[in-house]
Amino acid sequence: MQLDSRHFSVFLALLLAACSQGGTVAAPPTEIAIQPCAGTLPADPLDPRWQAVAPFPAPLILQDMVEPRLLETSTREVRVRTLSDGARVAFHLEWDDATKEDLPMPASFVDACAVQLPAKTAPDVPAPQMGEPGRAVEIVLWRASWQAVVDGRPDTLQAIHPNATTDHYPFDAASLPEGSDARRAMQLRYSPARALGNDLAGPRETPVQDLLAEGPGTLAPASAHTSTGKGVRTANGWSVVLVRAMPPGLAPGARTQVAFAVWQGAHEETGARKMRTGWMPLFLEVKP
Amino acid sequence: MARVNNWQIGRDMSYWYPESRPKRQFAAIFDTNKCIACQTCTLACKTTWTSGVGQEYMLWNNVETKPYGFYPLGWDVKLLAELGAQQWKGDVYTGRTVFEAARPGERALGWRPEEYDYAHPNVGEDDCAGSIEKGAAFVEQHMAWFFYLARICNHCTYPACLASCPRGSIYKRPEDGIVVVDQGRCRGYQECVKACPYKKVFFNPMTGTSEKCIACFPKIEQEQQPQCFVNCIGKIRMAGFISRPEDANPDNPIDYLVHVRKIAKPLFPQLGLEPNVYYIPPIHVPTHFTRQMFGPGIEKAIAEYRNADKDLAGLLALFGSSESIMHRWRREGDVVMGLKEDGTEIVRVPLKEPVHERVAYDASLKVQRTNCP
Ligand code: SF4
Ligand code: SF4
């Protein structure tokens with residue numbers, strides 16, 4: 001990866017800020033430590049056990065490397081906490097966002113966040129921008145719209161437009177009994193994305209999606225969906241837990257890299273239009 | 001950005017991908033003078049393709065009344081305002097296309113209609129341009145004007161929807177140039193909705209993907225014209241395939257009307273997409289309006305149309321005469337024929353329909369009868 005001048009100046013500013021603290025205040029952490037967790041991982045973002053973990057403030061930068069670029073800063077920072085039970089690692093992300101956006105509509109986008117790790121734990125990491133050909137990254141994505149559906153918003157037009165009325169859909173025909181295969185087939189006929197099994201198109205049972213990428217524009221669903229998650233709206237933003245498998249090869253005391261992204265729907269952020277971090281060192285603490 | 005040739009603007013231009021033309025390009029001609037705004041085309045499309053949940057507001061085919069009708073609201077005037085005043089020098093467009101005028105960080109100049117912009121198609125748009133003087137009465141010529149503009153996706157040679165998709169989820173079929181969104185790959189970023197100047201990609205809030213006109217490709221594959229063509233009451237439409245101007249074949253109906261007689265014009269060619277739906281411009285609309293909408297050569301096109309010879313009139317009579325795609329055509333005296341690619345006859349139409357007159361009163365049945373022309 002090239003360190004362009006703007007990113008270099010951010011880096012320099014952080015370095016100077018760190019130096020100017022002198023010896024009086026503890027230097028801010030330079031890596032994210034996965035702390036051991038006895039018992040089950042806290043899946044709820046409001047679980048008090050998260051408060052015992054010191055947050056790592058990860059500064060977010062604009063995604064301005066590939067089109068469509070984001071040119072106006074929105075979310076400045078995501079606060080990260082991590083815990084692991086040895087088999088899985090949980091990321092607790094918290095960020096400020098004044099408006100809750102969880103309804104996808106024409107020209108309106110939803111709040112979201114993601115955690116990215118290299119598919120292989122090795123000192124030589126792929127490009128932080130979605131990986132590179134032959135060198136994949138694994139991504140766990142959470143969307144507020146999926147969370148709303150999991151939390152009980154029905155998969156109906158009325159959930160989006162409460163006053164909507166429709167005269168008739170072809171699958172409402174009396175000849176197609178309710179719940180029948182024939183009715184389902186007719187429904188799918190008019191919902192091509194669902195018919196094709198696009199796994200973001202159907203009603204979701206989980207608010208997260210496991211994805212793989214080998215460079216910008218290559219994002220694809222992972223072969224298995226094993227991650228879980230939950231997001232809750234806080235007084236001034238979102239608090240989300242994402243739980244995924246421990247990166248293979250990450251032994252206690254070892255390091256890999258992690259990156260984060262945050263989308264603000266109200267700011268028309270979606271896809272590549274996002275605030276993100278570069279790679280950040282992720283360190284698995286040795287059990288005391 | 002690559003450099004590509006766009007014959008509609010008479011020059012090379014910048015595009016996101018290098019020039020790669022399909023084996024043959026789907027194209028269509030709409031005669032605006034014949035449209036009666038019955039919306040049969042709109043419903044033919046709606047019942048065939050967009051009757052699902054989340055597709056309620058989508059009209060892949062729509063018919064709007066110009067100058068005040070838009071679907072979605074302000075689709076053309078909004079973009080023209082963003083683009084600003086631009087110039088043609090003869091047949092060469094010297095202004096900027098949507099690709100050349102893209103904002104930093106984007107691939108095409110565009111804007112995103114909001115939900116409300118789709119909410120009231122056709123409401124309150126049947127208004128004349130200009131007011132009628134007090135006491136005026138209709139004598140012979142129209143004192144004010146409007147016309148119906150039927151619109152589908154233009155299956156552009158340089159689609160802005162395709163260029164703007166960061167995932168390559170939109171592709172142009174190499175076999176016929178039809179532009180489609182891969183519903184398995186789309187992730188609903190709506191970049192295409194923003195970039196298409198004609199606003200012919202729609203976001204489906206139930207599936208979270210963007211959907212668009214597919215030119216009824218299952219029918220095209222069977223040598224048939226799309227639903228909105230064969231159901232057209234006004235018989236204003238003809239679907240086929242277009243060649244580049246230097247390869248124009250006068251036996252091909254589309255080539256003949258676009259390249260040889262030059263009476264069918266693209267919609268907003270200055271935007272740079274080389275759209276493949278061509279319009280015979282309305283003859284009673286001031287050309288300062290139609291020139292902006294259909295590019296140069298409008299006056300000549302209208303003069304040709306008004307003074308149609310037997311060939312032109314004959315070919316126009318073939319519109320709406322068969323469900324099959326007429327790759328070739330031929331006139332023999334007062335009969336015109338639509339032909340398959342191999343020359344087999346599909347349909348023959350007389351230049352002039354015979355007139356049958358019935359007596360106004362049928363004495364045998366004791367009934368009055370009405371004669372319709
Ligand atoms: S009209 Fe719009 S949707 Fe259709 S091909 Fe052109 S840019 Fe794409
Ligand atoms: S069916 Fe034909 S005549 Fe009727 S509105 Fe559509 S294009 Fe016009």
Suppose the filter is within 14 Å of chain A (Cβ to nearest Cβ), hydroxyl-bearing (Ser, Thr, Tyr) and in contact (Cβ under 8 Å) with a residue 40 or more places away in the chain; does residue B:14 pass it?
yes
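I'd like the full set of residues that are part of a helix (DSSP H, G or I) and touching a residue at least 24 places away in the same chain (Cβ under 8 Å), limited to the range A:40-54.
A:49, A:50 - these are the residues of the range A:40-54 that are part of a helix (DSSP H, G or I) and touching a residue at least 24 places away in the same chain (Cβ under 8 Å).
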Over the range A:155-196, the set of residues within 24 Å of residue B:115 (Cβ to Cβ), at the interface with chain B (Cβ under 9 Å from one of its Cβ atoms) and free of Cβ contacts under 8 Å to residues at least 12 places away in the same chain is A:156, A:157, A:161, A:164, A:166, A:168, A:191, A:192, A:193, A:194
Being at pLDDT 95 or above, under 26 Å from residue A:69 (Cα atoms) and β-branched (Val, Ile, Thr) is the requirement here; does residue A:232 meet it?
no
Can you find even one residue in the range B:39-56 that is free of Cβ contacts under 8 Å to residues at least 40 places away in the same chain and of a type in the set (Gly, Ala, Ser)?
yes
Can you list the helices (runs of 4 or more DSSP H) found entirely within the range B:150-258 that contain at least 1 residues being surrounded by fewer than 22 Cβ atoms within 10 Å (Cβ to Cβ) and within 16 Å of ligand 2 (Cβ to nearest atom)?
B:227-230
Are any residues in the range B:8-19 open to solvent by 60 Å² or more (accessible area, probe 1.4 Å) and either in a helix (DSSP H, G or I) or closer than 29 Å to residue B:58 by Cβ (or both), and if so, which ones?
B:16, B:17
Quick one: residue B:77 ticks every box in (1) within 16 Å of ligand 2 (Cβ to nearest atom); (2) free of Cβ contacts under 8 Å to residues at least 12 places away in the same chain bar one, so which box is it?
(1)
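Before we move on, is residue B:41 closer than 17 Å to residue B:239 by Cβ, under 18 Å from the mean Cα position of the chain (by Cα), within 14 Å of another protein chain (Cβ to nearest Cβ) and within 16 Å of ligand 2 (Cβ to nearest atom)?
The answer is no for residue B:41.
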Could you look through the range B:31-49, keep only residues that are of a type in the set (D, E, K, R) and outside any strand (DSSP E or B), and pick out the one that is surrounded by the fewest Cβ atoms within 10 Å (Cβ to Cβ)?
B:34
Got at least one residue in the range A:237-253 being out of contact with any Pro (no Cβ under 8 Å at 6 or more places or on another chain), of a type outside the set (A, V, I, L, M) and within 14 Å of chain B (Cβ to nearest Cβ)?
no
Scanning the range A:139-154 residue by residue, the ones that are away from chain B (no Cβ under 14 Å) and surrounded by fewer than 21 Cβ atoms within 10 Å (Cβ to Cβ) total 3
Test result for residue B:283, outside any helix (DSSP H, G or I) and either open to solvent by less than 40 Å² (accessible area, probe 1.4 Å) or away from ligand 1 (no atom under 16 Å from the Cβ) (or both)
yes
Look at residue B:262 and say whether it is within 14 Å of chain A (Cβ to nearest Cβ) and in contact (Cβ under 8 Å) with a residue 12 or more places away in the chain.
no
Which of the residues that make up the range A:94-110 are open to solvent by 20 Å² or more (accessible area, probe 1.4 Å), part of a strand (DSSP E or B) and either away from chain B (no Cβ under 14 Å) or over 18 Å from residue B:192 (Cβ atoms) (or both)?
A:94, A:96
Counting only residues that are out of contact with any Ser or Thr (no Cβ under 9 Å at 6 or more places or on another chain) and modelled with pLDDT of 95 or more, which one in the range A:237-256 is surrounded by the most Cβ atoms within 10 Å (Cβ to Cβ)?
A:240
If I filter the range B:300-313 for residues that are over 22 Å from residue B:351 (Cα atoms) and surrounded by fewer than 20 Cβ atoms within 10 Å (Cβ to Cβ), do I get at least one hit?
yes
Would you point out the residue of the range B:50-82, among those that are open to solvent by 10 Å² or more (accessible area, probe 1.4 Å) and among the aliphatic types (A, V, I, L, M), that is farthest from the other protein chains (Cβ to nearest Cβ)?
B:80
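The values are calculated or read from the model by the stated rules, or taken from the named source; none is laboratory data. Just so it is clear, the structure is predicted and the values come from calculations on it, not from any experiment. For neighbour counting, all protein chains shown are included, and Cβ atoms are generated from backbone atoms with ideal geometry for every residue, glycine included. Only protein heavy atoms, including side chains, enter the accessible area calculation; ligands, DNA and RNA are left aside. Shrake-Rupley method; radii C 1.70, N 1.55, O 1.52, S 1.80 Å.
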